[in-house]
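First up is the structure itself, then whatever we jot down about it.
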Amino acid sequence: MQKTILIVEDDPAIAEMVADHLTKDGYQVLHAPDGRAGLEKFERERIDLIVLDLMLPELDGTEFLKQVRSASFVPVLIVSAKDGVLDKALGLGFGADDYLTKPFSLIELSARVNASLRRATLYAAEGRPEARSGTTLRIHELTMDTERLAVSKRGEDVKLTGKEYHILKLFMLNPRRAYSKEQIYRAVWHDDYFGDDNAINVHISRLRDKIEDDPSSPRYIITVWGIGYKLGEF
């Protein structure tokens, strides 16, 4: 089935360039010139991936992303002129899957779109009944139900994004193993690692904020200096 991509971009030249390129790649492409129009199209159409600018009229990109994430795990690729570490952290922290800084290569855009859609397909497959193991994983006060794709702590649901869930699942399935950032990226993103630690750092930080009693002194996801991260021991 042909995948549908929504471009939310207020610069008509950039939107047209990206739309033409992705159409040639075989995708159906929709365009919204601002955040509110983007939300309307997202709610009305079946969207497989969103290419999102952050600096938008009507409704800015981060608010757009928060509203999308409240209802869906659809892959979101941020394409923005903002290139600071903080901007990337905010974008990924709100639930974006990837980040490209303007100006960008259309070849790299295609690669990142294809990788995001491939990961989304893999994650969706885990949710199908024939792929479910029905396993319950536990560590201390944290419980993961891999059939419902749900996490709870002391009986209370913990709302995780798709990436956060799969990072935690990786650790809980391999409680004694320490993972480098490259190994985490390959296992969770299902893609080649290009040395950008920011995506891993942001997702680990957000995960700790949600599962740790004191994120500044983590016990569930601990840092192994010189290596990466591993599951804590209780």
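Computed quantities for the displayed model
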| quantity | calculated |
| --- | --- |
| Listed residues TYR193, THR223, ILE139: farthest to the positive end of the dipole of the chain (Cβ charges) | ILE139 |
| Fraction of antiparallel bridges per DSSP, the chain only, in percent to nearest 5 | 50 |
| Cross-link partners of LYS169 among lysines (Cα-Cα below 18 Å; sequence separation of 8 or more within a chain) | LYS153, LYS159, LYS181, LYS210, LYS230 |
| Length-normalised contact order for the chain - Cα pairs under 8 Å, 6+ apart - percent | 13 |
| Residue with peak Gaussian network fluctuation, the chain [Cα springs, cutoff 10 Å], from ILE14, ILE167, ILE200 | ILE14 |
| Over the chain: helical MRE at 222 nm, DSSP H runs n ≥ 4 each giving -39500 (n - 2.57), nearest 500 | -13000 deg cm²/dmol |
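Read-outs: derived from the displayed coordinates by stated rules, not from any lab. Keep in mind that what you see is a predicted model, and the values were worked out from it rather than measured. A quick note on method: Cβ atoms are made from the backbone with ideal geometry, for glycine too, and the neighbour counts reach across all protein chains shown.
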